[in-house]
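Novice: What follows is a structure written as structure tokens; I'll ask about it next.
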Amino acid sequence: MSTERMRVKTLLVALLVAASFASAPLSVPGQKTSPVAPSRQQVEAVVREAYDKFRSDTSGKNADYIPYLAQVDSKLFGVAVVTTDNQTLSLGDIDYSFSIQSISKVYTLALAMQELGADKVFQRIGSEPTGRAFNSVPAVVEMPTHTGNPLVNAGAIATTSLISGGNADEKWNKILNFYSKAAGEKLTLIDEVYKSEAATNAGNKALSMLLAKYERIYADPFESVDIYTKQCSVGVNVVQLARMGATLANNGVNPKTGEQVIKREDIPYILATMTMAGLYDGSGGWAWHVGLPAKSGVGGGIVAIAPGKGAIAVFGPRLDEAGNSVKAQKVIEYVARKLDYNIYSPSSVGLKGTRQQP
Ligand code: GLN
């Protein structure tokens, strides 16, 4: 190869690498950088390593109880990190919009807290682990609160029923608008997902009627299930999802727009709930191995929060038995360990000598 051709090739490779790690540091004037926001170099190398390591992993399988999800290409794979100082790193299928599914539950919880205050939400929904599948009927019957927590289907439908509005459309638009503010971009419904799920959600309707029997749903049960189904069908790409996570990491302020989207004082309640139930009955193992508040969705996304630092979102449609993306769990565990992000480890706040190795 001639020297000139080699130079052009090197330049092209450099440009490609730069493009895949598009950065927008400190785009919000006057916004303070978090003292614990990680450096770009640190994160970049580790995220790329994780991406390469797990790229060809084929364990798990797509959700199939929602027909649309069964036919999503299982090979799709995207990773994004957004830091509290608004740096963005992304790799893989970063433009693909997948359905947010249960990750939406976190943001409806945040909106309900904003409207009612954290105490009322806690009284009406609770925040206890169910130790059961996310759509469990026995959990509703047997748990003293019936709702369990805001991140399982029953508790999430009840949380959606708390959102105020003159009619269903008003409530839905308020929810979608709130998610868009957390993402820093306008989000939209994936109509095909909504139709597919609405045609097959008898189980969620049954949960809502059971909640009505126990007086633990706060609006019309089927209307609440319909709004909940819409919220699960919102499309996000990994960068938008990572930014939604970074908003939680950044005390409720969206690092891109600078807007206080979620109330600062509600963040610890939300993150505690995510630690306890974000990966359903896989949450205990996740806390043990990873130690980051996170939330999964059966669409294949998981977002994990490193408070004060940022968030990582991974999309890969193949799920484990509990309904959590296998690739996303592996990538996040790898990155969190390499960067010492486990919130239960003193090294996560800079105390040396306790580093874990993957
Ligand atoms: N919309 C899905 C359902 O209600 C959400 C479940 C999930 O992501 N775990 O079953």
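Novice: I need every pair where a residue in region 331-344 that is without any contact (Cβ under 8 Å) to a residue 24 or more places away in the chain has its Cβ under 8 Å from the Cβ of a residue that is not in a loop (DSSP other than H, G, I, E, B), sequence separation at least 6 or different chains.
Specialist: Going by the 8 Å Cβ cut-off, the qualifying pairs are Asp340/Ser347; Asp340/Ser348.
Novice: Evaluate region 268-281: report whether one residue or more is within 16 Å of the ligand (Cβ to nearest atom) and more than 14 Å from the chain's Cα centre (by Cα).
Specialist: yes
Novice: Here is a follow-up. Looking only at helices (runs of 4 or more DSSP H) that fall completely inside region 176-264, which ones have 2 or more residues that are more than 26 Å from Ala80 (Cα to Cα), open to solvent by less than 10 Å² (accessible area, probe 1.4 Å) and within 15 Å of the ligand (Cβ to nearest atom)?
Specialist: Result: 202-213, 221-232.
Novice: Filter region 99-148 for residues that are within 14 Å of the ligand (Cβ to nearest atom) and at positive phi and give the result.
Specialist: Gln101, Gly148
Novice: In region 328-349, which residue that is outside any helix (DSSP H, G or I) and of a type in the set (S, T, N, Q) is surrounded by the fewest Cβ atoms within 10 Å (Cβ to Cβ)?
Specialist: The qualifying residue surrounded by the fewest Cβ atoms within 10 Å (Cβ to Cβ) is Ser345.
Novice: What is the one condition in (1) within 29 Å of Ala70 (Cα to Cα); (2) out of contact with any strand residue (DSSP E or B) (no Cβ under 7 Å at 6 or more places or on another chain) that Ile217 does not satisfy?
Specialist: For Ile217, the failing item is (1).
The values are calculated or read from the model by the stated rules, or taken from the named source; none is laboratory data. As the structure is a prediction and not an experimental result, all values here were calculated from the model. Neighbour counts are summed over all protein chains in view; Cβ atoms, including those assigned to glycine, are modelled from backbone coordinates with ideal geometry. Protein only, heavy atoms only, side chains kept; ligands, DNA and RNA dropped before computing areas. Shrake-Rupley method; radii C 1.70, N 1.55, O 1.52, S 1.80 Å.
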